[in-house]
Amino acid sequence: MRALALSALLALPAAAQDCATDAMLVFDGSASMAEITLETGPATRIAEARQAVARALPLIEGIRRIGLLTYGPGDGGACDGIDLRFLPRDRAAAPVIAAIDTLEPDGLTPLAAAVEAAAETLAYRSRPAIVVLVTDGNETCGGTPCATSRRMMDGAADLTVHVVGFRATRDFFAWDNPEQQEFGGDTVAKCFADRTGGLFVSTETVDELVAALQRTLGCLVIGDLAPRGRP
């Protein structure tokens, strides 16, 4: 069912969303991305995510300027590894691929702080901004994605946050994630998409992650798959 939905998504024409709006890719470099699971087989999540980025970005870079922010590894504490790699630029595929190829997963997952930092680089209070978050997990640094997204939207000019979950699951031991219990079964990162009219796309395979990157960093599709409240 998921494969059919993604195939249909790729086949639909691009929407009228302003494809010239700068975007920031927020990429998960936390320690869990280095895990080998039953789903990945012999490959780690980061290895498969690298494959998807290498396939998707060359097809996207001609559409809009893209910047990159990663979180996870860092010299400070486990939640201090938010790293602005570069601001939106033309022909960003090669630098994005190179940065993610050298990313060594470590640390925890400061989703709220990372998304807000990415939006700040785009001056989201005064101009349109798109943030695409790719994560395999949940907020583990005490941040509050739902409250943060509400606060950001109060002052945003035109902010859209798309969330791509790559084998992302709810954290049942969410003692460090105060919003998760009330949010329900999905990762609380979905709050960012819900509050800003973005897409939440759950992916399990490399092909699905490629499709999600093309649609969120590219131009959104029209019709029933368009975010609620947007044309």
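Just a few scattered comments:
- Test result for Val26, modelled with pLDDT of 90 or more and part of a strand (DSSP E or B): yes
Per-residue answers, yes or no, for (1) closer than 18 Å to Arg167 by Cα; (2) at pLDDT below 80; (3) exposed (fewer than 15 other Cβ atoms within 10 Å of the Cβ); (4) not charged (D, E, K, R):
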site: Ser7; (1), (2), (3), (4): no, yes, yes, yes
site: Leu38; (1), (2), (3), (4): yes, yes, yes, yes
site: Thr44; (1), (2), (3), (4): yes, no, no, yes
site: Leu59; (1), (2), (3), (4): no, no, yes, yes
site: Ile66; (1), (2), (3), (4): no, no, no, yes
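- Flag if Ile97 is within 22 Å of Ala147 (Cβ to Cβ) and either out of contact with any Lys or Arg (no Cβ under 7 Å at 6 or more places or on another chain) or in contact (Cβ under 8 Å) with a residue 12 or more places away in the chain (or both): no
- Number of the condition not met by Glu104 [criteria: (1) open to solvent by 10 Å² or more (accessible area, probe 1.4 Å); (2) modelled with pLDDT under 95; (3) under 25 Å from Gly197 (Cβ atoms)]: (3)
- Every test in (1) crowded, with 16+ Cβ neighbours inside 10 Å; (2) at pLDDT 90 or above; (3) out of contact with any helix residue (DSSP H, G or I) (no Cβ under 7 Å at 6 or more places or on another chain) is passed by Pro73 save one, and that test is (2).
- Just one of the listed residues (Thr205, Thr187, Thr160) is buried (at least 22 other Cβ atoms within 10 Å of the Cβ), closer than 24 Å to Val53 by Cα, at pLDDT below 95 and touching a helix residue (DSSP H, G or I) at 6+ places or on another chain (Cβ under 9 Å), namely Thr187.
Results for (1) in contact with a His (Cβ under 7 Å, 6 or more places away or on another chain); (2) surrounded by 17 or more Cβ atoms within 10 Å (Cβ to Cβ); (3) at pLDDT 90 or above, shown as yes or no for each residue.
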residue: Glu116; (1), (2), (3): no, yes, yes
residue: Leu122; (1), (2), (3): no, yes, yes
residue: Ala129; (1), (2), (3): no, yes, yes
residue: Gly142; (1), (2), (3): no, no, no
residue: Ala168; (1), (2), (3): no, yes, no
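The values are calculated or read from the model by the stated rules, or taken from the named source; none is laboratory data. For clarity, every value in this text was computed on a predicted model and none was experimentally measured. Virtual Cβ from ideal backbone geometry, glycine too; neighbours counted across all protein chains shown. Note: areas computed on protein heavy atoms with side chains; ligands, DNA, RNA excluded. Shrake-Rupley method; radii C 1.70, N 1.55, O 1.52, S 1.80 Å.
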